[in-house]
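See structure below.
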Ligand SMILES: [Zn+2]
């Protein structure tokens with residue numbers, strides 16, 4: 001068997017990221033500095049390295065609810081225009097440094113208004129930050145506007161996603177604790193987006209099972225599934241290794257509905273016991289439209305390259321597999337078809353070809 005790609009080599013590959021939270025990817029030094037500048041005094045420590053460790057440990061608790069608690073601090077320091085511009089610019093820089101050539105980064109505008117910013121000011125600050133951070137780098141960043149599933153502002157956020165769609169907002173998302181807050185609560189927002197020919201993804205099938213995935217697709221009309229890992233509950237593997245798909249799993253595979261999988265994040269929230277046992281192995285083998293993502297780079301201490309390296313180690317994935325995940329992601333991006341094709345043929349395939357040639 002040929003040698004598996006190393007983390008260093010994977011960093012040089014042109015990668016695509018569809019599921020990354022802006023408030024989950026801050027640099028610890030930036031959190032400390034922004035806390036000082038904005039008078040936020042609730043950080044558990046003001047030492048950046050200790051803070052990095054604290055985030056990892058708090059996120060390793062095994063419950064989605066506690067994992068979500070760590071966001072009080074990151075969101076707490078992202079309440080001014082300057083802070084949002086800086087965090088977005090650094091996000092683009094960090095992703096570019098990891099070799100990401102196209103990213104869709106999401107955040108919930110309504111969580112950044114407690115110091116008086118309007119939703120529009122929040123959105124414009126983040127767009128400005130991504131413009132600054134992308135300049136002169138081989139990366140393109142779009143944003144997804146997220147509505148919180150336990151709140152009642154999804155229609156307003158969906159309208160903003162449509163209003164800003166030609167200037168950097170690629171789509172809409174819904175996030176937050178799944179249990180008790182089915183996506184159908186926000187049906188009016190999804191129906192509005194469909195009438196507007198707009199794109200959206202829904203966090204579904206992470207902590208919660210098949211009904212959540214079924215609602216996201218068949219009631220709400222989601223283009224993609226955030227995580228979607230529980231689709232595995234509708235796949236039965238018989239003794240001789242043959243897989244039988246239930247009707248929902250078959251639908252998801254037949255319609256090529258993209259799964260925005262985030263392996264490390266799933267271990268932290270308890271949605272999977274280990275990388276080696278993560279359903280991504282089986283779903284990839286069955287040729288679901290699987291994509292590999294980070295979710296929250298700070299909380300999970302990860303990057304797209306690290307996720308790839310972990311999967312490569314656990315499943316023996318070589319360059320062809322990593323390219324397959326990458327092209328899956330690019331095909332699934334909320335970007336016009338011709339632009340997706342240009343990135344696939346002009347950047348991704350030549351980039352992987354160079355690495356394969358060197359290997
Ligand atoms: Zn997420």
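The values are calculated or read from the model by the stated rules, or taken from the named source; none is laboratory data. All values reported here derive from a predicted model rather than from experimental measurement. So basically every Cβ, Gly included, is an ideal-geometry build from the backbone, and we count neighbours across all protein chains shown.
Residue by residue, here is whether (1) part of a loop (DSSP other than H, G, I, E, B); (2) in contact with a strand residue (DSSP E or B) (Cβ under 8 Å, 6 or more places away or on another chain) holds:
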residue	(1), (2)
89	no, no
116	yes, no
125	no, no
141	no, yes
144	no, yes
147	no, yes
150	yes, no
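The test for being more than 22 Å from residue 20 (Cα to Cα) and in contact (Cβ under 8 Å) with a residue 12 or more places away in the chain holds for residue 188. Restricting attention to region 161-185, which residues are at pLDDT 95 or above and surrounded by 20 or more Cβ atoms within 10 Å (Cβ to Cβ)? 161, 169, 170, 171, 172, 173, 174 - these are the residues of region 161-185 that are at pLDDT 95 or above and surrounded by 20 or more Cβ atoms within 10 Å (Cβ to Cβ). For residue 276, the criteria (1) surrounded by fewer than 23 Cβ atoms within 10 Å (Cβ to Cβ); (2) under 22 Å from residue 57 (Cα atoms); (3) under 18 Å from the mean Cα position of the chain (by Cα) hold in every case but one, which is (3).
Among the residues of region 232-273, count how many are under 24 Å from residue 104 (Cβ atoms), more than 16 Å from the ligand (Cβ to nearest atom) and touching a strand residue (DSSP E or B) at 6+ places or on another chain (Cβ under 8 Å). Going through region 232-273 one residue at a time, the tally reaches 3. Counting only residues that are over 30 Å from residue 57 (Cα atoms) and outside any helix (DSSP H, G or I), region 300-342 holds 5 of them. Restricting 69, 104 to those that are under 18 Å from residue 175 (Cα atoms), within 16 Å of the ligand (Cβ to nearest atom) and without any contact (Cβ under 8 Å) to a residue 12 or more places away in the chain reduces the list to 69. Once region 284-299 is narrowed to residues that are within 11 Å of the ligand (Cβ to nearest atom) and not in a loop (DSSP other than H, G, I, E, B), the residue that is farthest from residue 69 (Cα to Cα) is 295.
Applying the set (1) within 27 Å of residue 139 (Cα to Cα); (2) part of a helix (DSSP H, G or I); (3) in contact (Cβ under 8 Å) with a residue 60 or more places away in the chain; (4) within 20 Å of the chain's Cα centre (by Cα) to residue 268 leaves exactly one unmet item: (1). Based on what the data block shows, is residue 208 within 15 Å of the ligand (Cβ to nearest atom) and at pLDDT 95 or above? Judged against the criteria, residue 208 is not a match. Filtering region 37-49 for residues that are assigned to a helix (DSSP H, G or I) and either in contact (Cβ under 8 Å) with a residue 60 or more places away in the chain or in contact with a strand residue (DSSP E or B) (Cβ under 9 Å, 6 or more places away or on another chain) (or both) leaves a non-empty set. Restricting attention to region 1-36, the residues that are under 18 Å from the mean Cα position of the chain (by Cα), assigned to a loop (DSSP other than H, G, I, E, B) and more than 16 Å from the ligand (Cβ to nearest atom) total 2.
Residue 190 - would you say it is surrounded by 24 or more Cβ atoms within 10 Å (Cβ to Cβ), under 18 Å from the mean Cα position of the chain (by Cα), away from the ligand (no atom under 12 Å from the Cβ) and modelled with pLDDT of 95 or more? No: the conditions fail for residue 190. Consider residue 199 against the criteria (1) crowded, with 18+ Cβ neighbours inside 10 Å; (2) within 16 Å of the ligand (Cβ to nearest atom): it satisfies all of them except one. Which criterion is unmet? Going through (1) crowded, with 18+ Cβ neighbours inside 10 Å; (2) within 16 Å of the ligand (Cβ to nearest atom) one by one, residue 199 breaks only (2).
Looking only at residues of region 308-320 that are closer than 17 Å to residue 288 by Cβ and surrounded by 19 or more Cβ atoms within 10 Å (Cβ to Cβ), we find that the one that is nearest to the chain's Cα centre (by Cα) is 311. So is residue 96 under 25 Å from residue 160 (Cα atoms), at pLDDT 95 or above and in contact with a helix residue (DSSP H, G or I) (Cβ under 9 Å, 6 or more places away or on another chain) or not? No.
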